[in-house]
Amino acid sequence: MAQQVVEDPVGRQRYAFRRTADEDGTEVLHVELWIDPGGDAPPHRHPRHEERFEVLEGEMTFTLGRSEQLVGPGESVVAPAGVRHAFRNSGDATAHMRADVRPPMQMEGLLEDIAAAARAGYLGRLGPLRFPKSPKGLLQLALLTRHYRE
């Protein structure tokens, strides 16, 4: 069966999701990402889960806390729970990476809903930041923030 790919035109990236479990039974969300040049995830933090990123193709710039590092194919970065992080593709080719999210919580739904709001024209970007483009967009963003507050 073909994997569904979700497009986020504001973040300039595409996602595919798969869930598995570690040997100890811990659920893991695997997010495969394709990030176009200029694509990014703005600075954010997750209070309760860790993200592990592995770059498969291209080069990505990651910010963890106050440090920044360029990560290439075969290299990984871990964003522990509570640590502010961001990433961007500052290269001229599409980058491909995988993120493993433990515990997954509602991450898949959050990314799908943000991408849907971007495709509907509710969200825009100013540098690395996302912003609502209209009062309806502000309401949509407020509802997403409330629903995914964890």
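Key figures
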quantity: For segment 1-81, projected area of the alpha-carbon convex hull averaged over all directions, nm²; calculated: 6.7
quantity: Top positive-direction residue, dipole computed over segment 1-145 with Cβ charges, set Tyr15, Gly137, Val5; calculated: Gly137
quantity: Those GluC sites (Glu not before Pro) in segment 1-105 that DSSP places in a loop and that have at most 10 other beta carbons within 10 Å; calculated: Glu23
quantity: Virtual spin-label span in nm between Tyr148 and Phe131, 7 Å along Cα→Cβ; calculated: 2.0
quantity: Student exercise, segment 66-150 dipole from Lys, Arg, Asp, Glu Cβ charges, in Debye to nearest 20; calculated: 400
quantity: Percent RCO, i.e. relative contact order, over segment 1-41, from Cα pairs under 8 Å lying at least 6 residues apart; calculated: 38
quantity: Tyr122, Tyr15, reordered so the largest accessible area comes first (probe 1.4 Å); calculated: Tyr122, Tyr15
quantity: Among Gly25, Gly137, Gly121, residue whose mean-square fluctuation peaks in a GNM of the chain (springs only between Cα atoms under 10 Å); calculated: Gly25
quantity: Cβ-derived FRET efficiency at R0 25 Å, Gln106 paired with Thr61, nearest 0.05; calculated: 0.40
quantity: Equivalent ellipsoid, segment 80-127 (semi-axes from 5 times Cα gyration tensor eigenvalues, Å); calculated: 20, 18, 12
quantity: Considering only segment 9-150, percent of DSSP beta bridges that pair antiparallel, nearest 5; calculated: 100
quantity: Entry for Kirkwood radius over Cα pairs in Å (calculated from the structure that is shown) out of (i) 17.2; (ii) 15.8; (iii) 14.9; calculated: (ii)
quantity: Choice from Pro135, Pro80, Pro104 with maximal GNM fluctuation in the chain (Cα, 10 Å cutoff); calculated: Pro135
quantity: Nitroxide proxy distance, nm - points 7 Å out along Cα→Cβ at Val83 and Gln4; calculated: 3.2
quantity: Full-extension gain in nm, Glu50 to Val28, via 0.36 nm per residue minus C-alpha separation; calculated: 6.9 nm
quantity: Relative contact order for the chain, counting Cα pairs under 8 Å that sit 6 or more residues apart, in percent; calculated: 26
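The values are calculated or read from the model by the stated rules, or taken from the named source; none is laboratory data. Nothing here was measured: the structure is a model prediction, and the numbers come from that model. When we count neighbours, we look across all protein chains shown, and the Cβ atoms used for this are built from the backbone with ideal geometry, even at glycine. Each accessible area value is taken on the protein alone, full model and side chains, heavy atoms only, with ligands, DNA and RNA left out. Shrake-Rupley method; radii C 1.70, N 1.55, O 1.52, S 1.80 Å.
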